[in-house]
C-alpha cells in the first residue's frame, strides 16, 4: 500500500511563498495498491487537480482510468477540486464516488451537483463524459475486493463526516479528519439554573464512550492521518465546536491506541512553513511524542506500508 499526499490544508487553498514546503492545497490523499493495480482517492480538495493531471499523463496510456473516490464529507474544502479533476471529462474514465450525506432527501450525486451548475461553473454534472457511479455510505464495513477491507466511522464534525480504516495484507491505514474530541454538551456548573446532575453525568459518560470508540477504530494503525488544525491553546480560546482536534490530543490518542506512525493533517491556512517547522520541532521530537513516529503531512510526501 502506497500513500501519497496531494493536499494537506484545511478550510481553503493557500498557495504562496510562505506555504511552499508543506503545500497549500486542500485535502486529497492517494492510496495505490500495486499488486491489485487499484487506485483509491480520499477527498477531492484542490489537491486532486494535480493528481488528475498526473493520472492522465501516466495512466491513460494503459487504457481506461479507474479509481474509487472516498469523500470524508462534503464541506467545500474537501470537494472544490472535483470540477477540476481532469479524468471526469474523459469517456475512458470509470469512477466510483463514495461518501456520507447529511440530508436524507439529497443523494451524494445531488450534493456534488450543487457546485456543477451554470451558476457556479461552466459545466454541469450531467455533461461529464466519464462513467461515474455515486454511492451513499453509512457507518460499517465493506469488502472492496482485491483483499482490501474498509471500515467507516462517524466522527464529530458539524456535518456527517467519516473516518476511514483500510486494511490490506496485514497493513492498516486510517484517516481521522475532520473531527474534534467528543465533549459533554450539557451544563456542568451546579450553580447554573440549567444544571441537571443526571444529565451532566450522562453527558460525561457518553463523551468518554464515544472518544473510546474513535480510538478503538484506529487502534494499531501502521499509519494514522489525524486532524490537527490547532494547538491546545488555540482550540481552547475560540475553536471549540468547529470540528477540529488539538495537536496535543491527537498525539496522546494515537499513543494510547498503539499507532505506529502519526501524520498530523488539515493544517490551518494561516500556518506558514516557518510556523509548521516550529510546531514540528516542538511536537515531533522523540522525547515529546508518544508513538513510534510523529510528523506533519507535506504535499508530495509518499509513504509505503
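Would a scan of region 44-53 turn up a residue that is part of a strand (DSSP E or B), surrounded by 18 or more Cβ atoms within 10 Å (Cβ to Cβ), under 21 Å from the mean Cα position of the chain (by Cα) and in contact (Cβ under 8 Å) with a residue 24 or more places away in the chain? No, region 44-53 has no match at all.
Summed over region 1-26, the residues that are assigned to a strand (DSSP E or B) and either at pLDDT below 95 or out of contact with any helix residue (DSSP H, G or I) (no Cβ under 9 Å at 6 or more places or on another chain) (or both) give a count of 3.
Is it true that residue 150 is surrounded by 18 or more Cβ atoms within 10 Å (Cβ to Cβ), under 14 Å from residue 96 (Cβ atoms) and under 19 Å from the mean Cα position of the chain (by Cα)? Against the criterion (surrounded by 18 or more Cβ atoms within 10 Å (Cβ to Cβ), under 14 Å from residue 96 (Cβ atoms) and under 19 Å from the mean Cα position of the chain (by Cα)), residue 150 qualifies. Taking into account only those residues within region 27-38 that are crowded, with 18+ Cβ neighbours inside 10 Å and either assigned to a helix (DSSP H, G or I) or without any contact (Cβ under 8 Å) to a residue 60 or more places away in the chain (or both), which is farthest from the chain's Cα centre (by Cα)? Among those that are crowded, with 18+ Cβ neighbours inside 10 Å and either assigned to a helix (DSSP H, G or I) or without any contact (Cβ under 8 Å) to a residue 60 or more places away in the chain (or both), it is 30.
Reported count of residues in region 93-108, each being outside any strand (DSSP E or B) and buried (at least 16 other Cβ atoms within 10 Å of the Cβ), is 3. Report whether or not residue 56 is assigned to a strand (DSSP E or B) and either within 22 Å of residue 160 (Cα to Cα) or out of contact with any strand residue (DSSP E or B) (no Cβ under 7 Å at 6 or more places or on another chain) (or both). Considered against the rule, which asks whether it is assigned to a strand (DSSP E or B) and either within 22 Å of residue 160 (Cα to Cα) or out of contact with any strand residue (DSSP E or B) (no Cβ under 7 Å at 6 or more places or on another chain) (or both), residue 56 comes out as no. Any residue at all in region 182-198 that's within 24 Å of residue 42 (Cβ to Cβ) and over 17 Å from the mean Cα position of the chain (by Cα)? Taking every residue of region 182-198 in turn, at least one turns out to be within 24 Å of residue 42 (Cβ to Cβ) and over 17 Å from the mean Cα position of the chain (by Cα).
Filtering region 270-305 to residues that are out of contact with any strand residue (DSSP E or B) (no Cβ under 6 Å at 6 or more places or on another chain), in a helix (DSSP H, G or I) and at pLDDT 95 or above leaves 273, 274, 275, 277, 278, 279.
The values are calculated or read from the model by the stated rules, or taken from the named source; none is laboratory data. Values in this document were obtained by computation on a predicted structure and should not be read as measured data. As a convention, Cβ positions derive from the backbone with ideal geometry for all residues, glycine included, and neighbour counts pool all protein chains shown.
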